[in-house]
């Protein structure tokens, strides 16, 4: 029995039906595309775009919709890149948390808190103490759930949590609720760290300067006035020569402090012109100035230079002379009587080094890193009327000339100061 063969008309009908179904499916798909694209275009635009960049007047409906979809996807990609780039360029460490406190996003500043090789990985807000040291008196009562020390749990910004990182930078931790329409995230938290380092350093410097002005700078004048009062009493009066020598010494110390204070302030605010200088000539001039002081203490100063050209540099002669004077004078002041000081200049590659070595009282190890700070002085062996500006000025001069100054010292055995600036290229 032969199988029934459909007629050509039936085959054509079936094909037409399938084409109609496909056409309806495509129409439905195109309609869905259009609806979704319209919803996308209703979203707030992150980046502006030109309407003429999208041309939907050519080609089939499917082609037009595919162009629209491609354009929309490009906008999404550009928007995401913009958000990430903007977040990474922000100067503050920023974390975006989900409603459970887990870290969803962190910018580059925040990632640096993780430490080398992610030794302090921060995956949850409660991991912050791994990378930051919080001050007990100013921290949140609870990091999670976020609760300030005052027990405030509202929807506004929560301030508190003063902390420091491994590099010594100081921050204030702040948080705020983050509301989003994304159903997979819901409510979350925005956490950021406000950098207070400059404010803390400025406050510490102001406090140090106030102590310096109210104590150290007043001390010579106070001693001079006390000596003048005592001189009026016959039984307390000093021989006239000793009296004038003592008064002169105290006033000289006061004037020296004022000059250093003015020079250090100028150094940080004014520019100056550099000229060709032989560092060896400056050292010779400084040694002539210090000779009377070294003779008074019986201190022997030996100077050497290993550069036949005299260690040429580009710099400001006045400030370099002042810095070198402070270094050598400091060595004389803190040397024992009949002591010895070595002043050595040598050139190594592109650098000129000035070494000042003494066998005096030395500096405690805890003070070596701070003696170059403004208004600081090592106080364990205060044998001389030193003050906390001379070495700060030395550091400022070295840095302005593109160099640095360092110290190696051992208490009771002496100090080795190394002043380093660039050599003048041939």
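The values are calculated or read from the model by the stated rules, or taken from the named source; none is laboratory data. Computed from a predicted model, the values in this text were never measured in an experiment. Here Cβ is always computed from backbone atoms with ideal geometry, including for glycine, and neighbour counts include all displayed protein chains.
For this structure, a couple of remarks:
- Filter result (touching a helix residue (DSSP H, G or I) at 6+ places or on another chain (Cβ under 6 Å) and either within 29 Å of residue 196 (Cβ to Cβ) or assigned to a loop (DSSP other than H, G, I, E, B) (or both)) within the range 65-91: 88
- Within the range 198-257, tally of residues that are in a loop (DSSP other than H, G, I, E, B) and under 45 Å from the mean Cα position of the chain (by Cα): 1
- Within the range 299-310, tally of residues that are at pLDDT below 90 and either over 12 Å from residue 345 (Cα atoms) or not assigned by TED's automatic domain parsing to the domain that holds residue 417 (or both): 0
- Leading residue by the ranking (farthest from residue 325 (Cα to Cα)) among those in the range 335-369 that are in a loop (DSSP other than H, G, I, E, B) and out of contact with any helix residue (DSSP H, G or I) (no Cβ under 9 Å at 6 or more places or on another chain): 349
- Residue check, residue 268 out of contact with any strand residue (DSSP E or B) (no Cβ under 6 Å at 6 or more places or on another chain) and at pLDDT below 90: yes
Matching residues to (1) in contact with a strand residue (DSSP E or B) (Cβ under 9 Å, 6 or more places away or on another chain); (2) in contact (Cβ under 8 Å) with a residue 12 or more places away in the chain; (3) closer than 18 Å to residue 395 by Cβ:
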{"position": "242", "(1), (2), (3)": "no, no, no"}
{"position": "248", "(1), (2), (3)": "no, no, no"}
{"position": "260", "(1), (2), (3)": "no, yes, yes"}
{"position": "263", "(1), (2), (3)": "no, yes, yes"}
{"position": "294", "(1), (2), (3)": "yes, yes, no"}
{"position": "311", "(1), (2), (3)": "yes, yes, no"}
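- Test: residue in the range 311-319 that is buried (at least 22 other Cβ atoms within 10 Å of the Cβ), in a loop (DSSP other than H, G, I, E, B) and modelled with pLDDT of 85 or more: yes
- Checked against (1) within 28 Å of the chain's Cα centre (by Cα); (2) modelled with pLDDT under 90, residue 351 passes all but a single condition, namely (2).
- Among (1) in contact with a helix residue (DSSP H, G or I) (Cβ under 6 Å, 6 or more places away or on another chain); (2) within 22 Å of residue 400 (Cβ to Cβ); (3) crowded, with 19+ Cβ neighbours inside 10 Å - the single one residue 332 does not satisfy: (2)
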